[in-house]
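Colleague: I am attaching a structure below and will ask some questions about it afterwards.
The values are calculated or read from the model by the stated rules, or taken from the named source; none is laboratory data. No experiment lies behind these values; they were computed from the predicted model shown. Glycine gets a Cβ as well: all are built from the backbone with ideal geometry, and neighbour counts include every protein chain shown. The area values use the complete protein model at the heavy-atom level, side chains included, leaving out ligands, DNA and RNA. Shrake-Rupley method; radii C 1.70, N 1.55, O 1.52, S 1.80 Å.
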Amino acid sequence: MRLLYTSITIVFALFLLASCEPKAPSAQEIVDKAIDTHGGKKFDKSIVTFKFRDYLYRALRDNGAYVYSRTFTDSTGQRVYDVLQNSGFTRTINDQKVELPADKVKAYSNSVNGVIYFALLPYFLNDDAVQKEYLGEVTIKGEPYYKIKVTFAQQGGGEDHEDEYVYWFHQKNYTMDYLAYSFLVDGGGTRFREAVNPRKVGGILFQDYVNYTSEEKGFQIENYDRAFEAGKLKKISDINLEEIQVKTIE
């Protein structure tokens, strides 16, 4: 009888201990907190400009309406102005609108959108087509992270809806310190980015990135954290945003 009582007591104590352990937040809760940390509602009504390599980018967002643009000088000295907005894409050269074939419209649209998408992450992770999955907790460089996988529904997911992403959000401050993604364009591949040089401009947190890849064929992006810790990745580029400015739309 004493043995039974002792066993019951141990089981009850273990139940209490388990029930007192903090519950991990959901993928949605983690993303919500990360977006708030990186700028929150300031993203909704803002004009962000920055230079990336030899291009000047501008992103105007006004509660769902958007106008993205890039300006550059081509190899012949002509001024090129690309605009992507809710209604479509246009290109002007030396202030003259030019007609483009469908494949060029698609390529230039994806190029403009892609740069701005990465520059403003994690803002877009609550878009309607985004599907989030909690992958657990990991440690990178001695720091604790939540690991979230993102895929996209075909409906509303855009041309690249088959791409997949994994994000690592710091468990205490909810910064997006690492991300990985797979892509199918240009033969496909995977990348891993380490955020560096974080700074706030106009209340929005911007980061540069060190861009890595794995030379292993068929590499699964969920494993990039372990490969990074083991020093098995190849650095391929630095991604730096310069001359960042933020204006709030009243």
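Colleague: Once the Cα atoms of helix 102-120 and of the chain are each reduced to a long axis, what angle between those two axes, in degrees from 0 to 90 to the nearest 10, is obtained?
Modeller: The angle comes out near 50 degrees.
Colleague: What does the highest-first list of 189-201, 162-174, 127-139 look like by mean Cβ count within 10 Å?
Modeller: Details: 189-201: 16.5, 162-174: 18.2, 127-139: 13.2.
Going from most to least packed, we get 162-174, 189-201, 127-139.
Colleague: If you plug each phi of the stretch 202-219 into the Karplus form 6.51 cos²θ - 1.76 cosθ + 1.60 with θ = phi - 60°, what whole-Hz ³J(HN,Hα) values come out, in order, with x for Gly and Pro?
Modeller: x, x, 10, 7, 10, 9, 8, 9, 9, 9, 10, 9, 9, 8, 7, 5, x, 5
Colleague: Once the piece of chain linking residue 151 and residue 128 is laid out straight, how much longer is it, given 0.36 nm per residue of separation minus the C-alpha distance between them?
Modeller: That pair, residue 151 and residue 128, stretches by 7.1 nm at full extension.
Colleague: If I take R0 = 45 Å and measure r between the Cβ atoms of residue 73 and residue 137 in this structure, what FRET efficiency does the formula 1/(1 + (r/R0)^6) give, to the nearest 0.05?
Modeller: It comes to 0.40.
Colleague: With a 1.4 Å probe and every protein chain left in place, work out the accessible area per residue of the chain in Å², rounded to a whole number. Display every interim value, and only then the final one.
Modeller: Numbers: 14440 Å² over 250 residues.
Each residue of the chain exposes 58 Å² on average to a 1.4 Å probe.
Colleague: Got the relative contact order for the stretch 101-176 handy, in percent, Cα pairs under 8 Å and 6 or more residues apart?
Modeller: 22 percent
Colleague: I would also like to ask the following. How much of the accessible area of the chain, probe 1.4 Å, is carbon plus sulfur, in whole percent? Could you put the intermediate results ahead of the total?
Modeller: Numbers: 7240 of 14440 Å².
Answer for the chain is 50 percent, counting heavy atoms of protein chains only.
Colleague: Given +1 on the Cβ of Lys and Arg, -1 on the Cβ of Asp and Glu, and no further charges, what dipole in debye does the chain carry about its Cα centre, rounded to the nearest 20? Mind dumping the intermediate values first?
Modeller: Working: 31 positive and 35 negative charges, 104 e Å.
With only Lys, Arg, Asp and Glu charged at Cβ, the dipole is about 500 debye.
Colleague: Still on this structure, I have one more. Which entries of 45/147; 106/234; 23/147; 132/234 show an alpha-carbon separation above 18 angstrom in the structure shown?
Modeller: Details: 45/147 29 Å; 106/234 30 Å; 23/147 15 Å; 132/234 28 Å.
Long pairs (Cα-Cα over 18 Å): 45/147; 106/234; 132/234.
Colleague: Send over the semi-axes of the chain's equivalent ellipsoid, whole angstrom and largest first, taken as the square roots of 5 times the C-alpha gyration tensor eigenvalues.
Modeller: So the three semi-axes of the chain are 42, 20, 17 Å.
Colleague: With springs only between Cα atoms under 10 Å, which of 213, 90, 49 fluctuates most in a Gaussian network model of the chain?
Modeller: 90
Colleague: Here is a follow-up. Measure off 7 Å from each Cα along the Cα-to-Cβ vector at residue 223 and residue 248, then give the distance between these two points in nanometres to one decimal.
Modeller: The answer from the label model is 4.7 nm.
Colleague: Along the charge dipole of the stretch 160-219, pointing to its positive end and built from +1/-1 on Cβ of Lys, Arg, Asp and Glu, which listed residue (209, 184, 166) has its Cα farthest out?
Modeller: Ranked along the dipole, the leading option is 209.
Colleague: So, one more: Can you give the angle from 0 to 90° between the axis of helix 2-20 and the longest principal axis of the chain, with both taken from C-alpha atoms, to the nearest 10?
Modeller: The helix 2-20 is inclined about 20 degrees to the chain.
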